[in-house]
Amino acid sequence: MRFTVAIDGPAASGKGTIARALAARFGFAHLDTGLLYRAVAARGGDPVEAARSLTPADLERPGLRTLAAGQAASRVAAIPEVRAALVAFQRDFARREGGAVLDGRDIGTVICPEAEVKLFVTASPEMRAHRRWLELGGDEAEVLAQVRERDRRDAERAIAPLRPAPDAVILDTTLMSVEEAVAKAEAIVASRL
Ligand code: DC
């Protein structure tokens with residue numbers, strides 16, 4: 001069976017948690033596509049070259065989950081040749097036998113416009129910053145400033161900007177617990193299987 005769940009949304013919206021939960025519940029493979037851009041930025045040197053020669057070991061590097069790594073990822077992600085180099089891998093992953101969940105910024109719009117389920121997971125910037133701050137610590141106001149900066153860069157870039165696909169289901173998790181958000185997403189997938 002081939003079945004793709006495309007999940008997009010801004011930083012710290014809860015899309016990663018939802019993607020992992022759906023993969024576990026339905027037995028799908030999961031790809032956190034943000035990790036690809038984080039790994040490209042972490043390699044240093046020419047980002048286009050890094051994207052073209054990315055290996056699974058690059059995704060295991062320590063430090064890929066930090067705020068700084070996210071900011072660096074957001075910068076290299078605006079380079080068209082970097083995005084182009086990562087398309088085939090993501091599309092192959094999406095159509096693998098047994099079903100797949102991919103989460104990112106452009107999965108429903110560019111990578112898998114034919115996905116069986118498209119979710120756009122969002123939440124207010126304040127709530128997303130609060131969640132990231134609980135996870136990583138630091139100064140909450142600074143975390144909020146970084147969240148806003150990354151939102152702006154991801155949404156305003158010329159290529160594959162962050163936006164919901166026209167047929168995506170919008171899931172606003174601002175006032176939802178993790179359990180509620182996961183339950184809603186599970187119900188949507190179950191209804192399409
Ligand atoms: O989801 P994340 O925070 O790990 O993503 C890090 C950055 O990578 C994000 O700010 C923008 C970029 N990204 C992207 O452009 N397209 C994707 N499909 C996933 C991430």
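The values are calculated or read from the model by the stated rules, or taken from the named source; none is laboratory data. Computed from a prediction, not measured in an experiment: that's the story for all the values here. Neighbour counts run over all protein chains shown; Cβ positions are idealised from the backbone, glycine included.
List of remarks:
- Residues that are surrounded by fewer than 13 Cβ atoms within 10 Å (Cβ to Cβ) and in contact (Cβ under 8 Å) with a residue 40 or more places away in the chain within the stretch 169-189 comprise just one, Ile170.
- Among the residues of the stretch 95-113, not a single one is loosely packed, with under 13 Cβ neighbours inside 10 Å and free of Cβ contacts under 8 Å to residues at least 12 places away in the same chain.
- Selection over the stretch 164-192 of residues that are more than 19 Å from His130 (Cβ to Cβ), assigned to a loop (DSSP other than H, G, I, E, B) and either in contact with an Asp or Glu (Cβ under 8 Å, 6 or more places away or on another chain) or of a type in the set (Val, Ile, Thr) (or both) gives a count of 3.
- Residue check for Asp92: touching a Gly at 6+ places or on another chain (Cβ under 7 Å) and either more than 21 Å from Val169 (Cα to Cα) or not in a helix (DSSP H, G or I) (or both): no
- Qualifying residues in the stretch 134-193 (those that are in contact with a Lys or Arg (Cβ under 8 Å, 6 or more places away or on another chain) and acidic (Asp, Glu)) - the one nearest to Ala24 (Cα to Cα): Glu186
- Residue match in the stretch 123-137 (condition: in contact with a strand residue (DSSP E or B) (Cβ under 7 Å, 6 or more places away or on another chain), in contact (Cβ under 8 Å) with a residue 60 or more places away in the chain and crowded, with 16+ Cβ neighbours inside 10 Å): yes
- Listed conditions (1) touching a residue at least 40 places away in the same chain (Cβ under 8 Å); (2) within 15 Å of the ligand (Cβ to nearest atom); (3) surrounded by 14 or more Cβ atoms within 10 Å (Cβ to Cβ) are all met by Arg148, apart from (1).
- Assessment of the stretch 77-86 against the conditions (more than 24 Å from Arg52 (Cα to Cα), at pLDDT 95 or above, within 14 Å of the ligand (Cβ to nearest atom) and not acidic (Asp, Glu)) yields no matching residue.
- Residues of the stretch 158-168 satisfying the condition of being surrounded by fewer than 19 Cβ atoms within 10 Å (Cβ to Cβ) and over 14 Å from Leu119 (Cβ atoms): Ala158, Ile159, Pro161
Let's see how each residue does on (1) within 10 Å of the ligand (Cβ to nearest atom); (2) touching a residue at least 24 places away in the same chain (Cβ under 8 Å):
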site: Gly16; (1), (2): yes, yes
site: Arg25; (1), (2): no, yes
site: Glu60; (1), (2): no, no
site: Phe93; (1), (2): no, yes
